[in-house]
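None of the figures in this text is laboratory data; all of them are computed from the coordinates on show. Everything numeric in this text was worked out from a predicted model, so none of it was measured. Here Cβ is always computed from backbone atoms with ideal geometry, including for glycine, and neighbour counts include all displayed protein chains.
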Amino acid sequence: MKYSFGTAIQGHSMATQSCITRLLAMLIFLFLSFSLGGMNCTSEMQAQEQPKATATGLGKEFSSETARVNGVTLHYVRGGKGQAIILIHGFPQDWFEYHGIMPRLAKQFTVIAVDLRGVGGSTATKSGYDAANMAEDIYQLAKALKLERVYIVGHDIGGHVAYAFLRRYPDATRGAMILDTPVPGIEGWNEIQGDPKMWHVRFMQVPGLAEKLVIGRQADYFRYFFQFGKFTPGDVEHFVNAYHTEAQLHAVFEMYRAFPANAQFNAAQRGQNDVPLYLAAGDGSPFAKLIPKIAEGLHESGCTHVETGLIQNAVHYVVEDQPDEVADLIERYASSHSK
């Protein structure tokens, strides 16, 4: 019997290749199994994370969403059904300012609490922080969400945006509420210029200075303001985080630097405006004494339907100080003008 060494080598080689092929097939199978399993696991995690309502702390009926409007991505929290209410925060806050009253309002309204551009979950832009342009943000958001004749509530800077909204889009709103702020360019505004209580306005208007001094010290800076309201440590932590980047701080400082532009825009609005407007301040606020003068200025500017009031036992942060009373006001005025 002849023995061929070459044939033996060839057979051994073929056997080895077969083993290698089977091994590779097994490895590919295992790889695909782990990959698919990982994808399934990731999908399950994404499915669990998909409902963003838990991030709001308001329950399943609320969702945290974004929309691309007017060249910016706006973050908002939405819940409820019925006529729409848009809630606009002040400084140094974001949509969370209204979290305590949103579940109650959602029982009869569609409630939308928005982060102004550059704040919280909304993206920062290089410009566009005047009230008239931010009102355009809100208007385009309402259109994107197919909301008709919204009721606008604005506190502090949010009040400036609410006024610009009713001036620019009177047919798109059934009413507005401005909480604890004078309106740039309207009677009462000049009275607060130079008031020692308003020192922070001038400070934040200096180009570039506030960014250098506040970045990294947001908690210390904001706590000065929060001492004038009823805020929990959790509230403070949330709001500090809403302005934790330099871009976010720059955005809000630009809002203050836009006050002269806001005043110029508002002073030019002299036409008749029949949108029902409710103006209120905390009875302990430095703005409380200005409410009659602001109302007179609004009348002189063409606003035909202006009502006023004071929120008892409240200072500037009226929503935190008296949530039930603020919710009462919103329910009353948003409902009465809902038709």
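Comparing Cα centroids, the range 220-284 and the range 119-175 end up 13 angstrom apart.
Around the amide H of residue 175, modelled in the peptide plane, lie the amide H atoms of 152, all under 5 Å away and 5 or more residues distant in sequence or on another chain.
Extending 7 Å from Cα along the Cβ direction at residue 245 and again at residue 197 yields two label points whose distance is 3.5 nm. Most tightly packed first, judged by the mean number of other beta-carbon atoms within 10 Å of their residues, the peptides 240-248, 176-184, 158-166, 209-217 read 158-166, 176-184, 240-248, 209-217.
Modelled spin labels at residue 324 and residue 236, positioned 7 Å past Cα toward Cβ, are 2.6 nm from each other.
Summary of packing: across the peptides 107-119, 286-298, 144-156, the per-residue average of other C-beta atoms within 10 Å ranks them, highest first, as 107-119, 144-156, 286-298. Taking a ≥ b ≥ c as the square roots of the eigenvalues of the Cα gyration tensor, the range 251-332 is oblate, since a/c reaches 1.5 or more and a/b is not larger than b/c.
Take the Cβ atoms of residue 217 and residue 261, set R0 to 25 Å, and the FRET efficiency comes out at 0.35.
Charge tally around residue 262: other residues with Cβ under 14 Å, Lys/Arg +1 each, Asp/Glu -1 each, net -1.
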